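Scroll down for the structure; my scribbles are underneath it.
The values are calculated or read from the model by the stated rules, or taken from the named source; none is laboratory data. This one's a predicted model, so the numbers in the text were calculated from it and none came from an experiment. Note that we place each Cβ from the backbone using ideal geometry, even for glycine, and neighbour counts take in every protein chain shown.
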Amino acid sequence: SRRGLLGLFGAGAAGAVVGAAGGAGVAMAATGALGGAEASAAAYDFHGVHQAGITTPAQDRLHFAAFDVSDTLDRTGLVELLTDWTDAAARLTQGLEVEDGGAVGGSDVAPPADTGEALGLPAAGLTITFGFGPTLFTDAAGVDRFGLAARRPPALEALPRFQGDALKPEWTGGDLCVQACADDPQVAVHAIRNLSRIAFGRASLRWSQLGFGRTSSTSTAQSTPRNLFGFKDGTANVKAEEREALAEHVWVDDGDEPAWLAGGSYLVARKIRMVIESWDRVQLGEQERLVGRTKGEGAPLSGGTESTAPDFEAEGATGAPLIPTDAHVRLAHASANGGVRMLRRGYNFVDGNDELGRLDAGLFFLSFQRSPEQFVTVQRSLAADALNEYLKHVGSAIFAVPGGIRPGEHVGQALFT
Ligand code: HEM
């Protein structure tokens with residue numbers, strides 16, 4: 001096992017289990033002789049009340065994948081796929097190899113079950129979070145492939161078109177999603193690669209996205225990182241410590257419909273291209289007015305420090321609001337959206353450059369909310385966002401993320417029972 005190999009590298013596998021937000025446990029393995037990124041030996045339990053990878057302290061790296069289920073798969077086959085994925089995810093998140101004997105197998109005549117590039121690496125805080133897209137319930141042609149149509153959450157449908165959307169089909173939609181987050185990119189990529197391999201013939205990759213430099217903090221213990229505009233991102237996020245806010249804004253409640261989604265959430269993914277070259281020619285003061293916060297400290301333009309609440313009523317000497325009426329934080333804030341909040345968990349991306357020599361860069365926005373309506377409300381409010389001049393939404397997807405499971409169950413089991 002990878003953990004066995006860890007011993008050879010001087011890293012002890014034993015560790016205390018400490019409480020983690022969301023009901024998932026985290027085993028901290030001693031880091032031994034490993035240093036730098038390799039020292040990230042956190043291992044989050046795959047089982048728990050909620051799926052890990054939502055309130056888990058945001059890791060530094062992402063590999064996100066949307067899959068389409070094969071037309072030849074039936075309901076039994078889908079359950080088998082989810083069971084195989086569950087078994088693999090439970091092992092991978094503990095820093096273990098994918099086992100022989102699964103769908104891929106392994107013998108003298110078959111390739112190894114695990115592809116091997118994570119051998120010797122610790123778990124690196126890997127979380128694997130699964131979601132179900134609207135087309136899993138009823139496909140594009142209206143066909144109920146898996147007998148799930150009656151169980152589709154009414155709110156789970158493709159997001160409406162928003163002003164300025166320039167969506168590309170190749171970064172949009174998906175029957176299933178897998179969000180793999182880790183502090184080592186090799187570990188995140190290994191997870192998606194092996195889950196894709198296990199799915200061979202049953203589900204295939206529709207699109208995927210690598211991300212780096214988390215653009216959110218999901219725990220008050222984390223420092224606030226910066227996005228590619230150079231601004232602190234995640235300051236006013238819903239954090240793991242805010243139990244009441246999580247219950248109100250993030251987790252689907254026992255009393256919500258449908259019951260099978262209790263303990264889950266809705267995941268929105270938006271691939272947002274940033275027009276970096278234009279942004280880099282904007283004066284600092286103007287950049288700050290577009291966002292509504294200072295670039296260095298991340299304080300609201302109404303004054304104070306990063307943690308000071310913005311005062312949207314505050315006016316300057318000329319009587320103009322200190323936080324402009326079209327500033328991003330004003331329009332995204334709960335006060336502009338009927339009290340709505342969300343848990344953001346996005347990542348920066350740079351996918352090389354385009355034919356004009358501009359960086360193909362941006363924010364891979366991910367948010368978790370109790371209802372898709374929360375995202376729709378805020379995104380509609382952002383139609384007036386001054387930042388839009390420097391942004392282009394090119395990809396979009398929505399998924400219902402089922403609650404967590406106990407050992408012996410498969411992910412999403414409540415949907416099928
Ligand atoms: C806040 C940047 C897209 C929702 C912020 C902040 C920055 C920022 C710098 C202030 C720090 C913080 O509280 O995190 C960006 C950039 C975007 C983007 C560069 C696009 C590339 C979006 C989208 C949404 C969104 C698409 C949702 C539809 C929010 C929310 C806040 C926020 C809810 C917190 C506002 C508050 O309560 O003060 N964003 N954002 N952002 N953003 Fe964005």
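Name the residues in region 260-287 that are touching a residue at least 24 places away in the same chain (Cβ under 8 Å) and assigned to a helix (DSSP H, G or I), would you? 260, 261, 276, 277, 278, 279, 287, listed by residue number. Comparison of 373, 409, 389 shows that the only residue that is closer than 26 Å to residue 134 by Cα, part of a helix (DSSP H, G or I), more than 9 Å from the ligand (Cβ to nearest atom) and in contact (Cβ under 8 Å) with a residue 60 or more places away in the chain is 373. Residues in region 190-216 that are in a strand (DSSP E or B), on the phi < 0 side of the Ramachandran plot and within 16 Å of the ligand (Cβ to nearest atom): 209, 211, 212, 214.
Scan region 119-129 residue by residue and report those that are closer than 26 Å to residue 366 by Cα and either assigned to a loop (DSSP other than H, G, I, E, B) or touching a helix residue (DSSP H, G or I) at 6+ places or on another chain (Cβ under 6 Å) (or both).
Residues of region 119-129 closer than 26 Å to residue 366 by Cα: 122-129.
Result: 122, 123, 124, 125, 126, 128.
Pairs meeting the criteria (first residue in region 336-365 and at pLDDT 95 or above and more than 10 Å from the ligand (Cβ to nearest atom), second residue in a loop (DSSP other than H, G, I, E, B) and among the acidic types (Asp, Glu), beta carbons under 8 Å, at least 6 apart or on different chains) are 360/354.
Filter region 28-66 for residues that are part of a loop (DSSP other than H, G, I, E, B) and modelled with pLDDT under 95 and give the result. So that I can check it myself, show each step before the final result.
Our first condition is that a residue be part of a loop (DSSP other than H, G, I, E, B); within region 28-66, this holds for 29-35, 40-41, 45-60.
Of everything in region 28-66, those that are part of a loop (DSSP other than H, G, I, E, B) and modelled with pLDDT under 95 turn out to be 29, 30, 31, 32, 33, 34, 35, 40, 41.
To keep it simple, each residue is scored yes or no on (1) surrounded by 22 or more Cβ atoms within 10 Å (Cβ to Cβ); (2) of a type in the set (Val, Ile, Thr); (3) at pLDDT 95 or above.
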position	(1), (2), (3)
161	no, no, yes
189	no, yes, yes
195	yes, no, yes
219	no, no, no
230	no, no, yes
235	no, yes, yes
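Sort through 319, 346, 292 and tell me the only one that's over 23 Å from the mean Cα position of the chain (by Cα) and buried (at least 23 other Cβ atoms within 10 Å of the Cβ). Step through it out loud before you land on a result.
Details: 319 fails: buried (at least 23 other Cβ atoms within 10 Å of the Cβ); 346 fails: over 23 Å from the mean Cα position of the chain (by Cα).
Step by step, each of 319, 346, 292 is checked, and only 292 is over 23 Å from the mean Cα position of the chain (by Cα) and buried (at least 23 other Cβ atoms within 10 Å of the Cβ).
Each residue in region 330-358 was checked for being over 30 Å from residue 180 (Cβ atoms), part of a loop (DSSP other than H, G, I, E, B) and not hydrophobic (A, V, I, L, M, F, W, C), and 6 of them qualify. Within the bounds of region 318-329, is there any residue that is touching a strand residue (DSSP E or B) at 6+ places or on another chain (Cβ under 7 Å), within 12 Å of the ligand (Cβ to nearest atom) and not in a strand (DSSP E or B)? Yes, region 318-329 contains a residue that is touching a strand residue (DSSP E or B) at 6+ places or on another chain (Cβ under 7 Å), within 12 Å of the ligand (Cβ to nearest atom) and not in a strand (DSSP E or B). Among the numbered conditions (1) surrounded by fewer than 23 Cβ atoms within 10 Å (Cβ to Cβ); (2) small (Gly, Ala, Ser); (3) touching a Gly at 6+ places or on another chain (Cβ under 8 Å); (4) touching a residue at least 24 places away in the same chain (Cβ under 8 Å), the only one that residue 147 does not meet is (3). Whenever a residue of region 293-318 is closer than 13 Å to residue 329 by Cα and free of Cβ contacts under 8 Å to residues at least 60 places away in the same chain, its partners that are aromatic (Phe, Trp, Tyr) and surrounded by 15 or more Cβ atoms within 10 Å (Cβ to Cβ), lying with C-beta atoms within less than 8 angstrom and at least six residues away or across chains, give the pairs 302/312.
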